[in-house]
1. Could you say whether any residue in the stretch B:146-159 is without any contact (Cβ under 8 Å) to a residue 24 or more places away in the chain, surrounded by 22 or more Cβ atoms within 10 Å (Cβ to Cβ) and of a type outside the set (D, E)?
2. With the requirement that a residue be at pLDDT 95 or above and not hydrophobic (A, V, I, L, M, F, W, C), what does the stretch B:119-141 give you?
3. Tell me the strands (runs of 3 or more DSSP E) entirely within the stretch A:1-99 that contain at least 3 residues that are more than 30 Å from B:R154 (Cα to Cα), within 14 Å of the ligand (Cβ to nearest atom) and at pLDDT 95 or above.
4. Of everything in the stretch B:353-396, what is hydrophobic (A, V, I, L, M, F, W, C) and on the phi > 0 side of the Ramachandran plot? Give them in sequence order.
5. Do the conditions hold for B:A173, that is, is it at pLDDT 95 or above, closer than 24 Å to B:V110 by Cα, crowded, with 22+ Cβ neighbours inside 10 Å and in contact with a Phe, Trp or Tyr (Cβ under 8 Å, 6 or more places away or on another chain)?
6. Just one of B:G75, B:G17 is among the small types (G, A, S) and within 22 Å of the chain's Cα centre (by Cα); which is it?
7. Could you list, in sequence order, the residues of the stretch B:195-236 that are within 15 Å of the chain's Cα centre (by Cα) and part of a strand (DSSP E or B)?
8. From the set of residues in the stretch A:34-57 that are touching a Leu at 6+ places or on another chain (Cβ under 6 Å) and not hydroxyl-bearing (S, T, Y), which is nearest to A:P77 (Cα to Cα)?
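The values are calculated or read from the model by the stated rules, or taken from the named source; none is laboratory data. It should be emphasised that the depicted structure is a prediction, and the values quoted were computed from it without experimental measurement. Note that each Cβ is placed from the backbone with ideal geometry, even for glycine, and that neighbours are counted across all protein chains shown.
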Amino acid sequence: MTATTPAIEGWFTTGEAPALIGSRCTTCSTVFFPRTEGFCRNPTCDGEEFSDTELSRRGRVWSYTDAQYQPPAPYIPATDPYVPFALAAVELPEGIVVLGQVADGFTVNDIKVGDEMELVVETLFVDETGERTIWRWKPTTWITEPAEMPGGAS
Amino acid sequence: MTGNDVAIAGVGMHPWGKWGRNFVSYGVVAARAALADAGIAWTDVDLIVGGETVRNGYGGYVAGATFAQALGWNGARVATSYAACATGAQALDTARARILAGMSEVALVVGADTTPKGFLAPNAGERWDDPDWLRFRLLGMTNPAYFALYARRRMDLYGATQADFAQVKVKNAKHGLANPNARYRKEVAAEDVLNSAIVADPLHLLDICATSDGAAAVILCSTAYAEKHGLGGGVRIKAISTVTPTFPNTVIDMPLMSTESSAGGVPEQTFKESIGAAAYEEAGIGPEDVDVAEVYDLSTALELDWIEDLALCKPGEAEQLLRNGDTTIGGRIPVNPSGGLACFGEAVPAQALAQVCELTWQLRGQAEGRQVDGARVGITANQGLFGHGSSVILAR
Ligand SMILES: [Zn+2]
C-alpha cells in the first residue's frame, strides 16, 4: 500500500491552498521558517514559546537558477535519465526569503527578479511508501492567465 | 594606530593541485617554507595554530597537534580552529590574540587540505536536523546554485552579463599565469568560459572554482620581536575581522533554505558588508586607502559582489570597474593578483591563509610576474559557512 506524503513532516500544509508552516515567537512576534522551538533567535528577545503560523502563499522572486547536472546524494532524482529543474528564492510579505524548486515544466526563461510566484505542492520523488511531495514555486502569470503563455525567453 | 599590530615574519605555501597525498605532508611543506622565509627555527616557535580539515579523519580535527607532531614535538602551545572557508582568519586571530597579550612570542599558523572530486556533498547518513543535508535532500541545492542566485541577481538588478563574468575569469587567469603556487596557469579566453557547459544558470563550468589540495602557512610575532631580529620586511597585520552576521540576516546564505525576517527592521549593513567594515574600523583606515585586494571568487560573479561589499566601489558599479580594467594589475585597485580561486581552486582551511601569503608578497614587492606596483595596504575577504566573516588587512 502506498500513499502521497510530504518528503518532510511539518514544514508545509497540503490540499487546495498549501502553505509553508512557520513559527511565530509569542514574545516578539518574529516569524521564522523553517519552524523553530526552544529559543527565539532575535538577540533582544528571550522568548521560548512559538505558535505555528502559515506563511503567505505568494511572494516575489529574489533570484533564481537551475540545476543542469544531477545533484549528489542525499538528493533523490525523480526521473532516470535526470531532467534539470529550476530553483527560485522568493521573498514573502513576512520578510522571509524562501528557497524552493520551481514547479514542473518551468525553466529560468519563465522567471525574472521581482516576478510573483505562488506556492504549490508537487512530487519530489517516489519511494517504497509512495509519492513524496515538496513545496515549489509557480509563476502566477501561469496560474491567473493560462491563456497568455510567455513564449520562453525574453 | 600601531598598538594592536603584529608582524608577519614569514609566509609559505605548498602549490595547489590534485596531488593525492595526505594533507599533513602539504602542511609541513608550507610550514617549513614559512619558517625558512622568516629565518626562524621550528624550535623557536612557541605557539602553533592549525586550520582544521573535516574530510581527513581525526588527524584533521586536531590539525594543530597533527602538524606539531609532524614537525617534531617542540612543547609549543597548540590550538586548532575551524570556521569553514574562514578557518585561516580565525586561526590567525587566535595567534594574534596570544601574541598581543604577551603570552606567546612566535606563532606558526598552518592550514592544509586534501579534497574529493566533484560537488562538495555532505557526509553520508540521514540527518534531518542538519540544513546542509536537508538542502540537498529537499531541494537539490548545490553550492554552485547559491553562487548562481547571486550572479543572476546582478544581471537582473544591475545589467551584468555572462560576458562580464567571463571577463573576471579571463583577468584572473592572466594574473595567475606566473604564480608558482597556482594550480591553473593558462590563459583563458572569454569564449572558453561562454562555451563551457552551464552548471547552474547563468554560471558556466569555468565561472566556478574547483576544489584543490594545498597548504599555506604564516609566521606571526610581536612587532618588537620582528624589529629586534630584523624579520619579515615590515609587513604588519592591522586588522582581522571574524564577525558573525547581525540579526536579521536577510541575504540567503549557503547552506540555508531561508533568510531571517526583515519585518522588524534590518541592520545598516548586510553580513558581507559588515565583514569589511569591521576590518576597516579595526585598522583605522578606509576603502580609499586600499592598494590591492584578494577576495573569495568561488564564482566569477562573486568577485564582483565582494568588490562592492568591501566598498571599493558602490553597489552595482563593479562591472564598470572590471570593464575599465581598474581591477586588473596596473589598474586603480587590482583584485586577485594571485589569480584567485579561479587559478587555485579551493582548499578550505588553507585558503584564507593563502590570501595573506599573497598580500605579504605583494607588500614586500616579491610577487614576481604579478606585482602590484607600490602596494602598501592590502585587504582580504571571504566568508565561512554558518556565519563566519573573514577579512584581514595588511600594511607596511
Ligand atoms: Zn522572540
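1. No.
2. Once the filter is applied, which keeps residues that are at pLDDT 95 or above and not hydrophobic (A, V, I, L, M, F, W, C), the stretch B:119-141 yields B:R135, B:R137, B:G140.
3. The qualifying strands (runs of 3 or more DSSP E) are A:21-25, A:50-54.
4. B:F386
5. When the stated conditions are applied, B:A173 does not pass them.
6. Only one candidate qualifies: B:G17.
7. Scanning the stretch B:195-236 gives B:T211, B:D213, B:G214, B:A215, B:A216, B:A217, B:V218.
8. Taking the candidates together, the pick is A:R57.
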